[in-house]
1. Can you name the residue in region 158-208 that is of a type in the set (A, V, I, L, M, F, W, C) and part of a strand (DSSP E or B) and, of all such residues, is surrounded by the most Cβ atoms within 10 Å (Cβ to Cβ)?
2. Counting just the residues of region 240-278 that are of a type in the set (Ser, Thr, Tyr), within 13 Å of the chain's Cα centre (by Cα) and over 18 Å from TYR294 (Cβ atoms), which one comes out modelled with the lowest pLDDT?
3. Hey, can you tell me all the residues within region 217-242 that are of a type in the set (Val, Ile, Thr) and either surrounded by fewer than 21 Cβ atoms within 10 Å (Cβ to Cβ) or free of Cβ contacts under 8 Å to residues at least 60 places away in the same chain (or both)?
4. Across region 254-284, what is the total count of residues that are acidic (Asp, Glu) and either surrounded by fewer than 18 Cβ atoms within 10 Å (Cβ to Cβ) or not in a loop (DSSP other than H, G, I, E, B) (or both)?
5. What number of residues in region 222-266 are charged (D, E, K, R) and touching a strand residue (DSSP E or B) at 6+ places or on another chain (Cβ under 7 Å)?
6. When region 117-175 is examined, which residues are found to be in contact with a helix residue (DSSP H, G or I) (Cβ under 8 Å, 6 or more places away or on another chain) and among the β-branched types (Val, Ile, Thr)?
7. Considering only region 285-299, state which residues are of a type outside the set (A, V, I, L, M) and surrounded by fewer than 24 Cβ atoms within 10 Å (Cβ to Cβ).
8. Looking only at region 310-344, which residues are polar (S, T, N, Q) and outside any loop (DSSP other than H, G, I, E, B)?
Amino acid sequence: MSSDNDASDASASCHGDVPKNSTDQDSVTSGSDGLVPSDGSHMGSLSVDSIDPDSITDPLADGFVDQPQQERGGGGLNLAVETEILGSEVGTEDPIINSGAIGEEGGLGTIPKGRSIAHNIFDNQNAVFLSFDIETAGEIAGIVQISAEIVRFKINSAKKKVGSDHAGDILREEDTFNRYINPEVRPEYWDQHSISVHGILPDDKRIINAGNMRTVWPEFQRWFYSIVSPAEMVVLVAWNGKTCDLKWLWRLTQAPNSRYSLPDNIKYFIDPYRVIEKYKTCPFNKTKSKIEAYELGVVWKYANNGSNLNGAHDSLVDVRAQTDILTHSSFVPFIDRASSIQPIDEIFSRTLQNEWKKNMEPTRPVHAPWVELTKEHEGS
């Protein structure tokens, strides 16, 4: 287990308990000499010499038809955004986002000082949150499990005072989403460190019998829209998400040649890990709780009077644990705060996205179904 600061390895887990610099000989890391799959569904970046052509199935063999961008509605992360939101000002009460909108008239009205960019949405409807988590099998195999839960509740405030919020009418949808994904690569391309974290093996029947991403992602979208109205604005919840879940979502929905999209009404993002870390007055912050780390299981255990989170690193278990913390009376007062909610299309800077795209570019000719990136992809 690492400290809570060592939470940047997207190849295994997203919950702050993965070594930052893994030296596992079986793990494959990104490099400047990399590839991108023609459907963008699983892979991060990998060496052209590391893949056996016979080990990869043709992602277009199932007749999947690409979605034109105009039909996707431009959903997902915006590649044109320049600003990263959460800065290094951890532990202060000063807003580090939305500062230009405080007290000014916005598209949905005035945002009171100290409130989040989503404040007026929370004021006018039940807050709708999508708790989301994935498990991966490393940079080559990619995502092997996706889980999600929808929760709605009212954010009530005593005399509209910042910090006095409490949740009312909490409704956790019984119909959760949980799918395993067959990455369609040979077992030797599964990262051993990732396997040691979540325990999902290449020969697991749940993987062998699972659909690929071209099957599972449309199922996720159908599930989402069966529960959420197109008129509802949704906040995506992901623990330590910027270093893991959202990076993979970018690859899936916005990287060159990606053919998937996020539902259009997922407009905002909250990371309970970062919120707890930032606000020293939060009862889960180390200054109050004396917990050793901000790992999901550690915070959940503290919030549940010392009970252990059984089944952690199963993404459905983690999703439900995230929702438990999100709706906890000690966390709710920090949801509608100036530094808590981010527009989902302003999470990653252009510089970071360009770096990712560069790492995905091949420097030598590649075999089908891989495609070489050209300058025209830079603007897509």
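1. Once the filter is applied, the top-ranked residue is PHE177.
2. THR253
3. ILE227, VAL228
4. The qualifying residues number 2.
5. Within region 222-266, residues that are charged (D, E, K, R) and touching a strand residue (DSSP E or B) at 6+ places or on another chain (Cβ under 7 Å) number 2.
6. Residues satisfying the conditions are ILE134, THR136, ILE140, ILE143, VAL144, ILE146, ILE150, VAL151, ILE155.
7. ASN285, LYS286, THR287, LYS288, SER289, LYS290, GLU292, GLY297, listed by residue number.
8. Passing the criteria: SER315, GLN322, THR323, GLN342.
The values are calculated or read from the model by the stated rules, or taken from the named source; none is laboratory data. Every value quoted in this text rests on a predicted model; they were computed, and no experiment measured them. Quick reminder, even Gly has a Cβ in these numbers, built from the backbone with ideal geometry, and neighbours come from all protein chains shown.
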